[in-house]
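One structure is given here, and the rest of the page talks about it.
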Amino acid sequence: MKQRTIKKSVKTSGIGLHSGKRVNLEFHPAPENNGIVFRRKDKGFFPIKADISHVSKLAYATNLSKDGISIATTEHLLATLRGLHIDNIFIDIDAEETPIMDGSASAFVYLLKEAGIKEQSLERKYLRILKPKHYLNGDRRISIYPYDGFKITYTIEFDHPLIRLQTRTIELNREEDFENDVSPARTFGFLKDVEMLRKNGLALGGSLENAIVVDSDRILNGHLRFADEFVRHKILDVIGDLALLGYPILGHVVAYKAGHEIHTGLAKEIREDSDCFEIVNAGELEFIMSKQSNSKNTEPSPQFQELS
């Protein structure tokens, strides 16, 4: 598999979920080995690479910062790029926060497919997990296990009659898996929390058009897109957060009641432990998998025995 970028430049605009400000976004093709790079157009095209080393605030979103310049709420856009297997791209933005669109990744999927996706000359590189890695904070936890593919098992649990316990496992090896099963899932919040969030300068752009708003016994903005849309959106978030490792991942992610802090905590743990992963190109990966063709993945059942 070769690295990929987009065929032509495209642009869109929208409102920042937390800032409430209008923002313009442009996507441009980028060369091989460039990675995903944001450029603050209003700051002289100051570049910030989408990398775990640049993670800053994690209050209800994943924000990147370098030399005092930030890009906020990056997770949905990063998840889209990873889900569509786009390796190299420039993202020009004229404000601090990416637009929330309808609260899902569907608008970004549509826009980038409109731009077209093209293969480049160099082979894609993958981050292949070699041994389990864990990160936890209280009862919130996440692990990743060796697995020759990309799979996510996510569990959420809320003391709310419309959510309760939800678990979903999704294989994410094809663009269609992300586009159909994950990208339409919208962000969500509880009506009782809105006033508190706004007092703290958050959710200033939130509305029934860009988030699922849950009251004590009903959803204020109509029906869900999936019966388990809440947990699917958490899968969307973790794809975006782990994209900050800089490569497509080969591993099985297992999360329980996690969030941006937990997701990025695992990413940092992986980055700091060079023994738990290897970087392989597509040709090397094909050779590895051919040698294992007569054996099965030996990942443990995702019960977090190691964390109990």
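All of the numbers you see were taken from the coordinates with simple rules; none came from a lab. Predicted, not measured: the structure shown is a model, and the values here were computed from it. All Cβ positions, glycine included, derive from the backbone under ideal geometry; neighbour counts span all protein chains shown.
For the reader, a short list of remarks on this structure follows.
- Looking at E229, E284, just one residue is in contact (Cβ under 8 Å) with a residue 12 or more places away in the chain and not basic (K, R), and that residue is E229.
- Selection of the stretch 1-55 for residues being touching a His at 6+ places or on another chain (Cβ under 7 Å) and surrounded by fewer than 17 Cβ atoms within 10 Å (Cβ to Cβ) yields only S9.
- When E171 is tested against (1) touching a strand residue (DSSP E or B) at 6+ places or on another chain (Cβ under 8 Å); (2) without any contact (Cβ under 8 Å) to a residue 60 or more places away in the chain; (3) closer than 27 Å to A59 by Cα; (4) not polar (S, T, N, Q), only condition (3) is not met.
- Residues that are in contact with a Gly (Cβ under 8 Å, 6 or more places away or on another chain) and polar (S, T, N, Q) within the stretch 186-230 comprise T187, N210, listed in sequence order.
- Hits in the stretch 52-70 (condition: in contact with a strand residue (DSSP E or B) (Cβ under 8 Å, 6 or more places away or on another chain) and under 28 Å from G189 (Cβ atoms)): H54, V55, S56, K57, A61, T62, N63, L64, S65, I69, S70
- For the stretch 38-61, a tally of residues being over 20 Å from the mean Cα position of the chain (by Cα) and either of a type in the set (S, T, Y) or part of a loop (DSSP other than H, G, I, E, B) (or both) returns 2.
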